[in-house]
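Colleague: Below is one structure. I have some questions about it.
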Amino acid sequence: MNNVFVRVSTVLLVIVILTGDIIGLNLNNVKADTVLTSPLISIVGYQIKTNVTAEEKVSFRTVCKAPDKGSVITINEKDYIVKNLGTIYVKDPNRSGNHSNIVLSKSYTLLDSVPCVEYGIEDQAFKYIGKSMYRGTYLTFGYIATENGIIEKKTGYTSYVRTLTNMDSFVLNSLFVRAFVEAVDEEGNNVIIYGESASKTSVAHIAGETYKKSAAPNKEGHEYLYDSILHMLPASHPYYMDEPLEYGWAGVIS
């Protein structure tokens, strides 16, 4: 199993909110093995770390938003109490930089509702694996937000993050990202409730948009994105850059 989806850290990152392509995933009408979704659970955007040392690898995280723990989510006139907040990451084999070439279907954002520890998979950062395998490999992992990952609580909602580190080998891969919560239904059963939408993105996309918008916190971070990520991409990649942009000039307005 790829250790990039095993090691997770809640390091301090530069806040740069960038949204990816959104895919609607309202599946409440599924009868067999019902999938619960709610518009109250969502992805806010992405953040990439730019204040790195020479020894550190590429790191990014997703900012999600969901009702506070203990809140009630009502779906089809049935109440569910929120227990924990989480984020799903899916590594797609597509490395072209074009999301239209994504290999996996939306169903890969669904989790096996049985926690990994019940399968004997312990001491991992993720709590769940996906329902589906791709060519004998799990590419879907569900992470629970820690207390260190809580960044804001406001008007009944919690904004939280989950970080992926050591992403150097996966800068090119398309990623599906989806927010979810663990909840308890009226009969006391543990369930998973997903956000209605998933997002398609990649580390290259996040780095490229951050760079083009001069959204790094300083000139050193701006240069890091060019030197360590964007200039290192294949020349055919949409976010490849062969000339640096001056920091502080965030594009042309026409």
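Colleague: If you go through region 200-208 one residue at a time, do you hit one that is open to solvent by 60 Å² or more (accessible area, probe 1.4 Å) and in contact with a strand residue (DSSP E or B) (Cβ under 6 Å, 6 or more places away or on another chain)?
Modeller: Here is the first cut: in region 200-208, the ones open to solvent by 60 Å² or more (accessible area, probe 1.4 Å) are none.
Checked against the condition, which is being open to solvent by 60 Å² or more (accessible area, probe 1.4 Å) and in contact with a strand residue (DSSP E or B) (Cβ under 6 Å, 6 or more places away or on another chain), region 200-208 yields no hits at all.
Colleague: Could you tell me whether region 90-99 includes any residue that is modelled with pLDDT of 95 or more and under 18 Å from E196 (Cα atoms)?
Modeller: Yes - at least one qualifying residue is present in region 90-99.
Colleague: Which number in (1) surrounded by 22 or more Cβ atoms within 10 Å (Cβ to Cβ); (2) in contact with a Leu (Cβ under 8 Å, 6 or more places away or on another chain) marks the one condition that R162 misses?
Modeller: Unmet condition: (2).
Colleague: Look at region 139-157 and say how many of its residues are open to solvent by less than 70 Å² (accessible area, probe 1.4 Å) and over 16 Å from the mean Cα position of the chain (by Cα). Show your work before the answer.
Modeller: Step one: list which residues in region 139-157 are open to solvent by less than 70 Å² (accessible area, probe 1.4 Å), which gives 139-146, 149-150, 156-157.
Cutting the leftovers down to over 16 Å from the mean Cα position of the chain (by Cα) gives us 156-157.
Adding up the residues that qualify gives 2.
Colleague: Condition first: without any contact (Cβ under 8 Å) to a residue 40 or more places away in the chain and open to solvent by 20 Å² or more (accessible area, probe 1.4 Å). Now tell me which residues in region 123-136 satisfy that.
Modeller: D123, K131, S132, M133, R135, G136, listed by residue number.
Colleague: Among the residues of region 105-115, is any β-branched (V, I, T) and either under 15 Å from the mean Cα position of the chain (by Cα) or in a strand (DSSP E or B) (or both)?
Modeller: The initial filter retains those residues of region 105-115 that are β-branched (V, I, T), namely 109, 114.
Then drop every residue that is not either under 15 Å from the mean Cα position of the chain (by Cα) or in a strand (DSSP E or B) (or both), which leaves 109.
Within region 105-115 (the criterion being β-branched (V, I, T) and either under 15 Å from the mean Cα position of the chain (by Cα) or in a strand (DSSP E or B) (or both)), the answer is yes, since at least one residue qualifies.
Colleague: Quick one: in region 60-110, which of the residues that are of a type in the set (A, V, I, L, M, F, W, C) and farther than 22 Å from K154 by Cα is surrounded by the fewest Cβ atoms within 10 Å (Cβ to Cβ)? Full working, then the answer.
Modeller: Taking region 60-110 first, the residues of a type in the set (A, V, I, L, M, F, W, C) are 60, 63-64, 66, 72-73, 75, 81-82, 85, 88, 90, 102-104, 110.
Of the ones still in play, those that are also farther than 22 Å from K154 by Cα are 60, 75, 88, 90, 102-104, 110.
Working: F60: 24, I75: 17, I88: 27, V90: 27, I102: 21, V103: 13, L104: 19, L110: 24.
It comes out as V103.
Colleague: Would you mind finding the one in E118, E55 that is open to solvent by 70 Å² or more (accessible area, probe 1.4 Å) and assigned to a loop (DSSP other than H, G, I, E, B)?
Modeller: Working: E118 fails: assigned to a loop (DSSP other than H, G, I, E, B).
Only one candidate qualifies: E55.
Colleague: Is at least one residue of region 55-63 closer than 13 Å to G195 by Cβ and either out of contact with any Cys (no Cβ under 8 Å at 6 or more places or on another chain) or at pLDDT below 95 (or both)? Outline the logic, then answer.
Modeller: Filtering region 55-63 for residues closer than 13 Å to G195 by Cβ gives 62-63.
Next, only the ones that are either out of contact with any Cys (no Cβ under 8 Å at 6 or more places or on another chain) or at pLDDT below 95 (or both) stay: 62-63.
Yes - at least one qualifying residue is present in region 55-63.
Colleague: Residues being surrounded by fewer than 22 Cβ atoms within 10 Å (Cβ to Cβ) and in contact with a Gly (Cβ under 7 Å, 6 or more places away or on another chain): count how many of those fall in region 214-236. Working first, answer last.
Modeller: Our first condition is that a residue be surrounded by fewer than 22 Cβ atoms within 10 Å (Cβ to Cβ); within region 214-236, this holds for 214-215, 217-224, 226-228, 231-236.
Keeping just the survivors that are in contact with a Gly (Cβ under 7 Å, 6 or more places away or on another chain) gives 214.
Selection size over region 214-236: 1.
The values are calculated or read from the model by the stated rules, or taken from the named source; none is laboratory data. Nothing here was measured: the structure is a model prediction, and the numbers come from that model. Methodologically, a virtual Cβ is constructed for each residue, glycine included, from the backbone with ideal geometry; neighbour enumeration extends over all protein chains shown. For accessibility, only protein heavy atoms count, side chains too; no ligands or nucleic acids. Shrake-Rupley method; radii C 1.70, N 1.55, O 1.52, S 1.80 Å.
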